[in-house]
Amino acid sequence: MVVNEFEPDDIFGELNQKFANVSLEQPNPVEDVYREILFDDLYEYRDTLEYSADYSNCHTAMRNIRRYLTQNISLDRIQNVVDLGIQDKIKKILETPGYDELKYETAWTITNLAYGTKEQTTNLINSGIIEALVHCFRTTENFRVKSQSAWALANVSIESPRYRESMAQENLIGDVALALTEKCDIVYNKLNSAINQEQIRKDANGQIICDSKSDSDDVKDLTWSLANICRGGFKTAEHWEQYLLAFNAFSKCIHFDNTDIWTEACWGLSRILSNMYNYDPFFNSLDLSTRLCPRLIYLLRNELAVRILPVLQTISNFSSGPNEYIEILLNADLLNNIWWYMSPDIPSPLRRNAILTISNLAAGNQGIVRKVVYNENIMQSVVAHITIPGHLYHVEECKWVSSPKAANSESKEEWRIVKEALWVLSNITTLANDDCICALLRNYSKLIKLLSALLYYPILPFAICLKVVDVLIRIVERTSKIAELTPPVQPIPRNLYAEEMMREGVIPALTYLCRDLQSPELNEQVEILHTAIMYSSPHPQQKGNSNTVGMASAFGLTRQEIHLPGPNVRRIVHGYEDGDVRLIEDAINSITL
């Protein structure tokens, strides 16, 4: 099972942006010196486009209109070009065979027009220009025209999920994916044929170094475009076959030693995994490249932290997939490379994705869970986050005090990281075998104290409190069952972990929090915990207490009946307008933190 979580205010907002193409040009010695294009010049270029039959003049006119936009891109300049009324001429250029240089300048102009407001983009669509652009993309064999057309379409797609859904219905995701795959294959063929060796080669790690500007620009533009067109916000699962093509395309271009290319490839992979998660037809049909996971781990190990977020995002979403794919990640040495990003001094978005990945691994089969539990660096990093952000705990007073010496300051993101750490423990104590449970509690002997201490924070967020109780219940439940498997040393078996919870004042602390939080769900879970502790730590006064025995029987119910999340709980995080809209709606309805 996979649980999706909606992330309304994180890095996704700044990722999902349009981009104008304002690349600086190299001066052409044959042409006049580059000059600024003024507003008054536009009407001359409009007339040239409308009335001249000379290709060279029309090309120059369109190039200068594009230059007017790129000199200083602004909404006013975009509107000035829109007001020229050259929409029909633009459509004719795009729909006429040949004239690649003119089409390239026209597609570039549309890219910057689509950078405008929603109203301006809507006008582009209503004018028929985007339909003509799609025709141009599909019919041209010139990759500069094709990649620039895809860029313009991506800018349109960013405007609305409705536009992206329309593109999916028109099979544009698949078409752009095939174009990117074809371009990557062209570069690979040049490499394998030793063509242009000075510009296209492999390094010692198998990464493709492409110094051919035209080739690398084509791959980069197509990768960025496809990554944005692949965003969700609609019923994405219906188009899974197109996303399969896109996944394969990103799996090729991620091997380019170009930060812009592999970064966008990672964002694309992450979005596809978000759109397709828990959708069996996609994963059953996916022929995963044997080079993809090693490449992700290579980037994780060697790239600067400021560049690594898309890699971690991809890995965390990948870890929500089937166990066989997780095994491939583990075989690529994931655990020994990801724990670096769980250190308190690492920026919070990186840490959260890293710990989310471990949480998903801990929801795997027993072999996967065992690898997590017995990785000392991983578990130490998880346990280090069982704390109140921005505070230090005074044991004698059972009190949290705000302090600048705390590992991390208090913030919404830091609370989310605490919850991720608790999810790791919840999944381990649910799915690990008895040996792993014993190893966890033996190696991290202060775990009960750390969990109990959280409950002494008077304004503990509800979601954190509920997850702490969840973990404590699971610990008591699992350790009681383990005790039943061995000969008791006393006539009445005792659970030392339950007794430690009693000594730490877990129930009184929870009683205070329940009074403040006023949650029936929390009250029910606390009652279950209380019953479990009392039954697992028998005292003379408990003998013959039928009420306690009855409550103990209630504790023996299945997890589902006591409202604990079941095993195999894997989660995936996405932002606005990402993922399948049906799952986004479910996630929004379940927001608690």
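Key figures
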quantity	calculated
Tally, over the stretch 358-367, of residues that are buried (at least 22 other Cβ atoms within 10 Å of the Cβ), touching a helix residue (DSSP H, G or I) at 6+ places or on another chain (Cβ under 6 Å) and not hydroxyl-bearing (Ser, Thr, Tyr)	5
Residue ranges of helices (runs of 4 or more DSSP H) in the stretch 238-346 with at least 1 members closer than 27 Å to ILE173 by Cα and open to solvent by less than 20 Å² (accessible area, probe 1.4 Å)	240-253, 259-276, 280-285, 292-302, 309-318, 323-331
Positions within the stretch 358-370 being within 21 Å of LYS467 (Cα to Cα) and part of a helix (DSSP H, G or I), in sequence order	ILE358, SER359, ASN360, LEU361, VAL369
Condition met for ILE355 (among the β-branched types (Val, Ile, Thr), assigned to a helix (DSSP H, G or I) and surrounded by 15 or more Cβ atoms within 10 Å (Cβ to Cβ))	yes
Near pairs, Cβ below 6 angstrom, 6+ apart or cross-chain, from the stretch 260-285 (touching a residue at least 12 places away in the same chain (Cβ under 8 Å) and under 18 Å from PRO310 (Cα atoms)) to any residue that is basic (Lys, Arg) and in a helix (DSSP H, G or I)	ASP260/LYS220; ILE261/LYS220
Counted residues, the stretch 80-95 - those being open to solvent by less than 50 Å² (accessible area, probe 1.4 Å) and not in a helix (DSSP H, G or I)	3
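The values are calculated or read from the model by the stated rules, or taken from the named source; none is laboratory data. All of these numbers come straight from a predicted model, not from anything done at the bench. Don't worry about glycine lacking a Cβ; one is built from the backbone with ideal geometry, like all the others, and counts go over all protein chains shown. Areas reflect the complete protein model, heavy atoms only, side chains present, ligands, DNA and RNA absent. Shrake-Rupley method; radii C 1.70, N 1.55, O 1.52, S 1.80 Å.
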